[in-house]
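Down below is the structure, laid out as structure tokens.
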Amino acid sequence: MLEGMRSIAPLIPRVGEYTFGSGGKRVRPVLVLLGARLFDVAGPRPIAIAAAAEWLHSASLLHDDVVDGASLRRGRASANAVFGPRQAILVGDFLYARLCEALVEDGSREMLLAYARTISEMAEGEVLQLGRSFQPDLDEQTYLDVIGRKTSSLLATAAESGAIIGEAKPDERAAVREYGRQLGLAFQLVDDALDYASSVDELGKAPLADLREGKVTLPLLLALRDADSAERDALSAALRGLAEHGASGRAPDADALASLAGSVARHRGVERTLSRARGCAASAIDQLRGFPDSQARRALQALARFVVERRS
């Protein structure tokens, strides 16, 4: 990953070292490598595509942090806070370009098409989410469509790209892709639950950070759905208050945040969201049933369990 950050512009490798040195779970490159190993393929080709998958993920994070105005990423200052938003955007562009180079060098039209579609879906998901910020009438299907595009699509493609490298049969490739898709849904559902349930030390960012940005996620959607009309009106008013504070540049209304978080707790939004995540992880594991027992299959099963058991 660091090798791909070489540039005549000294800032690019500096931002790369800072970004890749901040940790992260490396789920996407792991999916590429294990997807290929599922078909007994190892070596330089899966490693190159695994690095490219992480370049894409990192590019999206650099851009997202600028859009969201995020000052923290993985428990330390975000790249845009350290280097500036313009620099973060441009280094993100560089990473997108490196991804394209890697895919062209790989030479597979199927691989190139899979990642091109994923970039489109990720952008669509972010735009859909941005357009529905602070909206209490967001429906669950739209929410699932958003997270399916902005998060799950890349995990699905990372897993599928391992199957492409392994020259999998169409049904095998589809199963591996669906494994990645369900894993991505589980991953984002857990993230959305942890926004209401974790501390800054656990989560690497301030609690309720997504809510402050107007992201109406499943824990709150469940509360809105189950609330009576009076409570729903109060929650809608709280969301409007957060939107007004954000539009004027003021700090989020602490009372509004407390009201929304309290409703999520009363309606067990976190617990119910985590239950949904466990269902997605089980569906992911079920996609592997047609593959013979192997170290790669067991690792993919363990990865699905890890995704829903993590606390950060």
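The values are calculated or read from the model by the stated rules, or taken from the named source; none is laboratory data. Everything quoted here is computed from the prediction, not taken from an experiment. Glycine gets a Cβ as well: all are built from the backbone with ideal geometry, and neighbour counts include every protein chain shown.
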Report task. Give me the pairs, please: first residue somewhere in region 182-209 and within 14 Å of Arg268 (Cα to Cα), second residue anywhere and modelled with pLDDT under 75 and assigned to a helix (DSSP H, G or I), beta-carbon distance under 6 Å, and either six or more positions apart or on two chains. Result -> Leu194/Leu203
Requested in this report: Give Tyr143, Tyr96, Tyr115 a once-over and let me know the one that is modelled with pLDDT of 95 or more, closer than 30 Å to Ala234 by Cα and either surrounded by fewer than 16 Cβ atoms within 10 Å (Cβ to Cβ) or touching a helix residue (DSSP H, G or I) at 6+ places or on another chain (Cβ under 9 Å) (or both).
Outcome: Tyr143
**Report entry** Tally, over region 48-91, of residues that are closer than 10 Å to Thr19 by Cβ and among the small types (Gly, Ala, Ser)
**Finding:** 5
Query - Residue, farthest from Ala168 (Cα to Cα), within region 6-41, restricted to residues that are small (Gly, Ala, Ser) and out of contact with any strand residue (DSSP E or B) (no Cβ under 7 Å at 6 or more places or on another chain) - result: Ala9
Query raised in the report: When you scan region 60-165 for helices (runs of 4 or more DSSP H) that lie fully inside it, which ones turn up with 1 or more residues that are under 19 Å from the mean Cα position of the chain (by Cα), within 18 Å of Arg28 (Cα to Cα) and not β-branched (Val, Ile, Thr)?
Result: 85-106, 109-131, 153-165
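Taking region 15-27 only, how many residues are among the basic types (Lys, Arg) and under 21 Å from Cys100 (Cα atoms)?
Residues of region 15-27 that are among the basic types (Lys, Arg), as a first pass: 25-26.
In the following step, the residues that additionally are under 21 Å from Cys100 (Cα atoms) were identified as 26.
Residues flagged as among the basic types (Lys, Arg) and under 21 Å from Cys100 (Cα atoms) within region 15-27 amount to 1.
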Query raised in the report: Residues in region 145-165: is at least one farther than 26 Å from Ala42 by Cβ and free of Cβ contacts under 8 Å to residues at least 24 places away in the same chain?
Result: yes
Query - Failed condition for Ala243, given (1) modelled with pLDDT under 95; (2) over 26 Å from the mean Cα position of the chain (by Cα) - result: (2)
Report summary line: Inside region 209-233, the number of residues satisfying the requirement of being surrounded by fewer than 16 Cβ atoms within 10 Å (Cβ to Cβ) and not charged (D, E, K, R) is 2
Query - Selection status of Ser294, over 26 Å from the mean Cα position of the chain (by Cα), within 30 Å of Phe39 (Cβ to Cβ) and touching a residue at least 40 places away in the same chain (Cβ under 8 Å) - result: yes
Query raised in the report: Out of curiosity, is Arg73 crowded, with 19+ Cβ neighbours inside 10 Å and among the basic types (Lys, Arg)?
Result: yes
Query raised in the report: How many residues are of a type in the set (Val, Ile, Thr) and under 18 Å from the mean Cα position of the chain (by Cα) when one looks only at region 26-59?
Result: 3
Report summary line: With the first residue restricted to region 98-123 and required to be under 14 Å from Ala52 (Cα atoms), and the second required to be among the polar types (S, T, N, Q) and at pLDDT 95 or above, Cβ contacts under 7 Å at 6 or more apart or on different chains are Met111/Ser161; Ala114/Thr157; Ala114/Ser161; Tyr115/Thr157; Thr118/Ser153; Thr118/Thr157
Requested in this report: Could you please give the count of residues in region 285-312 that are surrounded by fewer than 13 Cβ atoms within 10 Å (Cβ to Cβ), basic (Lys, Arg) and in a helix (DSSP H, G or I)?
Outcome: 1
Query - Yes/no for Gly24 being out of contact with any Phe, Trp or Tyr (no Cβ under 6 Å at 6 or more places or on another chain), within 20 Å of Arg149 (Cα to Cα) and either outside any loop (DSSP other than H, G, I, E, B) or at pLDDT below 95 (or both) - result: no
Query raised in the report: How many residues does region 14-44 contain that are surrounded by fewer than 16 Cβ atoms within 10 Å (Cβ to Cβ) and within 21 Å of Ser78 (Cβ to Cβ)?
Result: 5
Requested in this report: Tell me which of these Ser153 doesn't satisfy, since it passes every other one: (1) out of contact with any Leu (no Cβ under 9 Å at 6 or more places or on another chain); (2) over 18 Å from Leu300 (Cα atoms); (3) small (Gly, Ala, Ser).
Outcome: (2)
Query raised in the report: Out of the residues in region 27-65 that are among the acidic types (Asp, Glu) and at pLDDT 95 or above, which is farthest from Gly290 (Cα to Cα)?
Result: Glu54
